[in-house]
Amino acid sequence: MSAAPESSGGGTVEYIQHHLTNLCVGQCDPVTHKATGFWAWHLDTLIVSFTLAALIILASWRLGRRLQTSAPSGFQNVVEAILEFVGGQVRDSFPGHNPLIAPLALTIFLWVFLMNFMDLIPVDLPGFILGLFGVHYFKLVPTTDLSTTFALSLTVFALIVFYSIKVKGPVGYLKMFLFHPFGKFFIPVNVVMTAIEEVAKPLSLGLRLFGNLFAGELVFLLIALIGGTLAVGAVGWLFWFPLQVTLDLGWLIFHLLVITLQAFIFMVLSIVYLGMAHQEH
């Protein structure tokens, strides 16, 4: 969501750049606050993502201790509906049985959804609160950071490679590169094509999630600029503020669908890719 941008932002470009800059520690440029080396940490991404992970663990633990079979609570009903939904996706998309896949799919869906959901918090609210404590840069949405989306996608890719070797065997995994998709007479072409196919899996997972959430965050920032740069005086506010609220509400409702859909797509593609890794042929 958007709120009125601060008046001291120095212009539209500066305002957007400020909100898209991570809280960087370590090897970071002191002026631009961008990473300049490998040991640069986006502290805001780490804080928000691990806080949300801890929230999922805490809620699951408390629910597990208070399960009711006769008269379940509303929260338990919601969780059971999510479990049934994720379980159905696993049954439909994953061949065979692996006790890791369903918990992994559930974790991916809930964690990615909550990280995406941070995009619905007013863009200027975290900056205003943290600015009182001297923190001037803080991105609240971890999935608008490529570090997060590629960390998730590379973790799934590592599992894909692990299960491909475990199910097919090292020789079978090597044959997949040598003889797929055109047979033994086109081994060089097969190696290139299969390598591209495998690399495309983490790239598609990471870039799709990042691109959609980054674009959504950018739209919220542009809507926030309506009230801060176009409204001049009380007369201007009579027109521009209602317009900003209307646009903000409309985009919020649409974006709620987007954040849910992106979490669902990431989960389903992870299940499908892992299912492909479990196929022996």
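The values are calculated or read from the model by the stated rules, or taken from the named source; none is laboratory data. Since we're looking at a predicted model, the values are computed, not measured. All Cβ positions, even for glycine, are placed from backbone atoms using ideal geometry, and neighbour counts span all protein chains on display.
In region 7-15, the count of residues that are buried (at least 16 other Cβ atoms within 10 Å of the Cβ), under 22 Å from the mean Cα position of the chain (by Cα), over 26 Å from residue 160 (Cβ atoms) and among the small types (Gly, Ala, Ser) is zero. Can you say whether residue 164 is at pLDDT 85 or above, touching a Phe, Trp or Tyr at 6+ places or on another chain (Cβ under 7 Å) and within 22 Å of residue 95 (Cα to Cα), as far as the supplied structure shows? So residue 164 fits the description; yes. If the condition is being touching a residue at least 24 places away in the same chain (Cβ under 8 Å) and surrounded by 14 or more Cβ atoms within 10 Å (Cβ to Cβ), then region 162-197 contributes 163, 164, 167, 168. For residue 6, the criteria (1) at pLDDT 85 or above; (2) assigned to a loop (DSSP other than H, G, I, E, B); (3) among the charged types (D, E, K, R) hold in every case but one, which is (1). In region 129-149, the qualifying residues are those that are β-branched (Val, Ile, Thr) and in a helix (DSSP H, G or I), and the one that is nearest to residue 277 (Cα to Cα) is 149. Taking the options 105, 59, 54, name whichever one is in contact with a Ser or Thr (Cβ under 7 Å, 6 or more places away or on another chain) and either surrounded by 14 or more Cβ atoms within 10 Å (Cβ to Cβ) or part of a helix (DSSP H, G or I) (or both). Result: 105 is the single residue among 105, 59, 54 that is in contact with a Ser or Thr (Cβ under 7 Å, 6 or more places away or on another chain) and either surrounded by 14 or more Cβ atoms within 10 Å (Cβ to Cβ) or part of a helix (DSSP H, G or I) (or both). Looking across region 114-128, the residues that are surrounded by fewer than 20 Cβ atoms within 10 Å (Cβ to Cβ) and either assigned to a loop (DSSP other than H, G, I, E, B) or among the aromatic types (Phe, Trp, Tyr) (or both) come down to 117, 121, 122, 128. Can you tell me which residues in region 198-207 are small (Gly, Ala, Ser) and either surrounded by 14 or more Cβ atoms within 10 Å (Cβ to Cβ) or not in a helix (DSSP H, G or I) (or both)? Correct list: 204, 206. Inspection of region 138-155 finds no residue satisfying the criterion of being surrounded by 20 or more Cβ atoms within 10 Å (Cβ to Cβ), in contact (Cβ under 8 Å) with a residue 24 or more places away in the chain, out of contact with any strand residue (DSSP E or B) (no Cβ under 6 Å at 6 or more places or on another chain) and over 26 Å from residue 53 (Cβ atoms). Which residue is modelled with the lowest pLDDT, if the candidates are limited to region 22-35 and must be surrounded by fewer than 17 Cβ atoms within 10 Å (Cβ to Cβ) and either of a type in the set (A, V, I, L, M, F, W, C) or within 16 Å of residue 140 (Cβ to Cβ) (or both)? Looking at the filtered set, the residue picked out is 31. Set side by side, the residues 87, 96, 74 differ, and just one is touching a residue at least 60 places away in the same chain (Cβ under 8 Å) and surrounded by fewer than 16 Cβ atoms within 10 Å (Cβ to Cβ), which is 96. For the structure I just gave you, tell me whether residue 213 is more than 23 Å from residue 14 (Cβ to Cβ), modelled with pLDDT of 85 or more, within 27 Å of the chain's Cα centre (by Cα) and assigned to a helix (DSSP H, G or I). In short, no. Whenever a residue of region 102-118 is closer than 13 Å to residue 59 by Cβ, its partners that are of a type in the set (S, T, N, Q) and buried (at least 21 other Cβ atoms within 10 Å of the Cβ), lying with C-beta atoms within less than 8 angstrom and at least six residues away or across chains, give the pairs 111/49. For region 196-219, how many residues meet the condition of being in contact with a Phe, Trp or Tyr (Cβ under 7 Å, 6 or more places away or on another chain) and under 25 Å from residue 173 (Cβ atoms)? Result for region 196-219: 4.
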